[in-house]
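Novice: This is the structure I want to talk about, given as structure tokens.
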Amino acid sequence: EAEVAQSPRYKITEKSQAVAFWCDPISGHATLYWYRQILGQGPELLVQFQDESVVDDSQLPKDRFSAERLKGVDSTLKIQPAELGDSAMYLCASSLRGNYGYTFGSGTRLTVV
Amino acid sequence: AQSVTQPDIHITVSEGASLELRCNYSYGATPYLFWYVQSPGQGLQLLLKYFSGDTLVQGIKGFEAEFKRSQSSFNLRKPSVHWSDAAEYFCAVALNTGGFKTIFGAGTRLFVKA
């Protein structure tokens, strides 16, 4: 069964450092999402791509977060500088156009110390 | 504003007992509806989805959900729970606002006792 690949699985970083996460969606999935999930809460959308274009980044803290999907395939989410409150699970998901349900990756657990 | 409410933060059921997890949404039209399951430290897995048609939908792992328009609800059910069903369950709605935007509920943690 096709999977969404994410790396790394775990990341510990110091406050004010830069950190990056990578996601490779299922082949053929035009839509890619980055979600942040704080412990005990549901996922919250950070950014949504359709192919290589951002279609929704209204909840992305743009002063420190950036995301790109240059060739419309894999994607990178960056945080610079990291803050203590950024500690969370960062989930990548992909779907066919029109949203028929997402396939999620296993996530990256970020701890900022 | 659109919202998804899962009233139960956690539920405990005995193995073999039936299960119902509640989900209510607030939206002017009928959204697309989903249930996902998340095991500890893992991503979310799609259990089932409702777009239109028959209001009772079947999913994987023996789960089903019923859409009730009059109650704005989409409750998840399973007739007999197994210990491996212990996990976090998320209800989600996808809103067509030009493009699809999915909103997740806060989740319900299911505990299964022997």
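Novice: What residue, among those in the range A:92-113 that are more than 8 Å from every other protein chain (Cβ to nearest Cβ) and among the aliphatic types (A, V, I, L, M), is nearest to A:Gly28 (Cα to Cα)?
Specialist: A:Leu96
Novice: Does the range B:58-68 contain any residue that is among the basic types (Lys, Arg), more than 10 Å from chain A (Cβ to nearest Cβ) and assigned to a loop (DSSP other than H, G, I, E, B)?
Specialist: Scanning the range B:58-68, I find no residue that is among the basic types (Lys, Arg), more than 10 Å from chain A (Cβ to nearest Cβ) and assigned to a loop (DSSP other than H, G, I, E, B), so the answer is no.
Novice: Would the range B:46-64 turn up any residue that is in contact with a Lys or Arg (Cβ under 8 Å, 6 or more places away or on another chain), closer than 26 Å to A:Thr108 by Cβ and open to solvent by less than 20 Å² (accessible area, probe 1.4 Å)?
Specialist: Taking every residue of the range B:46-64 in turn, at least one turns out to be in contact with a Lys or Arg (Cβ under 8 Å, 6 or more places away or on another chain), closer than 26 Å to A:Thr108 by Cβ and open to solvent by less than 20 Å² (accessible area, probe 1.4 Å).
Novice: Could you count how many residues in the range A:1-60 are outside any strand (DSSP E or B) and not acidic (Asp, Glu)?
Specialist: Qualifying residue count, the range A:1-60: 23.
Novice: Only one of these is of a type in the set (A, V, I, L, M), free of Cβ contacts under 8 Å to residues at least 24 places away in the same chain and open to solvent by 70 Å² or more (accessible area, probe 1.4 Å): A:Leu96, A:Leu84, A:Leu70. Name it.
Specialist: None of the other options fit; the residue is A:Leu70.
Novice: Let me ask something else. Quick check on the range B:78-98: of everything there that is within 14 Å of another protein chain (Cβ to nearest Cβ) and open to solvent by 40 Å² or more (accessible area, probe 1.4 Å), which residue is modelled with the highest pLDDT? Steps first, please.
Specialist: First pass over the range B:78-98, keeping only residues within 14 Å of another protein chain (Cβ to nearest Cβ): B:87-98.
Then keep just the ones that are open to solvent by 40 Å² or more (accessible area, probe 1.4 Å); that gives B:96-98.
Numbers: B:Asn96: 72, B:Thr97: 67, B:Gly98: 64.
That would be B:Asn96.
Novice: Let me ask you something else. Does the range A:14-29 hold any residues that are open to solvent by less than 80 Å² (accessible area, probe 1.4 Å) and in contact with an Asp or Glu (Cβ under 9 Å, 6 or more places away or on another chain), and which are they?
Specialist: Within the range A:14-29, A:Ser16, A:Val19, A:Cys23, A:Asp24, A:Pro25, A:Ile26 meet the criteria.
Novice: If we keep just the residues of the range B:16-36 that are open to solvent by 10 Å² or more (accessible area, probe 1.4 Å) and within 13 Å of B:Cys91 (Cβ to Cβ), which is nearest to the other protein chains (Cβ to nearest Cβ)?
Specialist: B:Tyr32
The values are calculated or read from the model by the stated rules, or taken from the named source; none is laboratory data. This one's a predicted model, so the numbers in the text were calculated from it and none came from an experiment. Note that each Cβ is placed from the backbone with ideal geometry, even for glycine, and that neighbours are counted across all protein chains shown. These area figures cover heavy atoms from the full protein model, side chains too; ligands, DNA and RNA do not enter into them. Shrake-Rupley method; radii C 1.70, N 1.55, O 1.52, S 1.80 Å.
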